[in-house]
Amino acid sequence: MKAGVLIVLLAVAILFPAASPAFSGVEPGDLQAVLLRRIPPRPARAPSGSEFVKAILGLDKGRREEAIGRELAAGNIPEFLRNLKQVRFSRRSAGGGETALTLLAMPDYLAIGSDDDYLLIPMSLRTALDAAANYGFLLPTRRIVDAIFLQSPYHLKPQPLPAGPRMRSTAYYEEHNRRILQQRLSLCCPLGGLISGHKKDLVLTGRLERRPGQIAIYGWHDRSGNPIQPLSTVHGGAYADYSHGARLIADTALLDGRPRSVYEILEDPGLASLLSDEGPLAFVRRLMARHGALPGRGDQISRLRSEASGP
């Protein structure tokens, strides 16, 4: 991580700690209630993480991806992932004014199963974008990944496994998940707490527009805050290995306490730098629309506030 970026993000983390009061206007809790409506409740007979591993052990990668997609579409994710966490950004203008932005992010990477038995699941870019679009979420940018790391109270140590063809195997997925769980328990990291450092993130970047068909990965920060994995689009979009994770962020944020589409923020030349170190990312809306996203829920949230306050 560049020193300048690290300093800025550390300042943000200090100015806006996770436990600080919400900004004026719409409360993050009100926003979360609306954002979670599109995630189906977990089916009563949905397989646990270990049961899902057994079901996909003999599948080729194509059928495995289909199985992952089906479980995510059905809402078979642990309850703790629905406990969205605030990630804060701030910028001061030349005139002295301050812009404050609050994102809501899942506390961990997408997983299949229950709170008691889950599998953090790597997946292809298409599977991740389909799930994000279905839920009304999207993938983070590199700047968002850095901010999540710095604002996470719990940092796990990256645990690389031996390189080779088995990196993409279900057995590796299960083994890496076991090691992460063991480390999380040893550090007393509670379920639902914002946690980072244990996976490389699937991210949104302008390189995806210039190199369609690729997947972008970044992160796996060590405890000093340095990403082991620089931003890379080397692999094709169907690639996934044990080290990858898809952490979702909501498509609506609070900008100075008011609901604002994250797509609009990423497209706005005056605001994009809050969330992107590459300038505006206008292609993100088009990318997500191809996967069925319905961006823009600020009006929904405003109506909810009006109904709650009454005449």
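Throughout, read-outs are computed from the coordinates displayed, never taken from laboratory work. Predicted model only: the values in this text are computed from it and were never measured. Here Cβ is always computed from backbone atoms with ideal geometry, including for glycine, and neighbour counts include all displayed protein chains.
Worth a mention:
- With neighbour counts taken as other beta-carbon atoms within 10 Å, the residues His244, His176 rank, fewest first, as His176, His244.
- Mean residue ellipticity (222 nm) of the chain, computed from DSSP H runs ≥ 4 via -39,500 (n - 2.57), nearest 500: -10500 deg cm²/dmol
- Helix axis angle, 125-135 relative to the chain longest principal axis, alpha carbon, degrees: 50 degrees
- Amide H within-cut-off set for Thr141, under 5 Å, with H built and near neighbours excluded: Leu204
- Note on Ala238 and Arg211: their simple-model spin labels are 1.8 nm apart, each label 7 Å out from Cα toward Cβ.
- Difference of contour (0.36 nm per residue) and Cα-Cα distance, Arg91 to Ala33: 18.2 nm
- Under DSSP loop assignment and at most 15 Cβ neighbours within 10 Å, longest trypsin sites (Lys or Arg not before Pro)-free interval of the chain: 46-222
- Cα shape, the range 119-270, gyration tensor, a/c 1.5 rule: oblate
- Taken along the Cα-to-beta-carbon direction at a fixed 7 Å, the label points for Asp256 and Lys157 span 4.6 nm.
- Among Gly197, His244, Ser186 - extreme Cα towards positive end, dipole of the range 185-269, charges at beta-carbon: Ser186
- Phi to ³J(HN,Hα) by Karplus 6.51 cos²θ - 1.76 cosθ + 1.60 over the range 159-168, Hz, x for Gly, Pro: 10, x, 9, x, 6, x, x, 6, 4, 9
- 3J(HN,Hα) along the range 148-158, derived from phi through the Karplus expression 6.51 cos²θ - 1.76 cosθ + 1.60 where θ = phi - 60°, amounts to 4, 4, 5, 9, 6, x, 10, 10, 8, 7, x Hz, with x in place of Gly and Pro.
- Burial ordering of Leu84, Leu57, fewest other beta-carbon atoms within 10 Å first: Leu57, Leu84
- About its Cα centre, the dipole of the range 3-309 is roughly 400 debye, where the only charges are +1 on Lys and Arg Cβ and -1 on Asp and Glu Cβ.
- Fluctuation leader among Leu81, Leu202, Leu287 - the chain, Gaussian network, Cα springs under 10 angstrom: Leu287
- Computed label-point distance, nm, for sites Ala282 and Asn83 using a 7 Å Cα→Cβ extension: 4.2 nm
- Less than 5 angstrom separates the built amide H of Thr252 from those of Val262, all sequence-distant by 5 or more or on a different chain.
- Only Cα pairs under 8 Å and 6+ residues apart enter the sum, and on that basis the relative contact order of the range 3-309 stands at 22 percent.
- Cα shape, the range 240-281, gyration tensor, a/c 1.5 rule: oblate
- The ranking of Ser243, Ser224 by Cβ neighbour count inside 10 Å, starting from the fewest, reads Ser224, Ser243.
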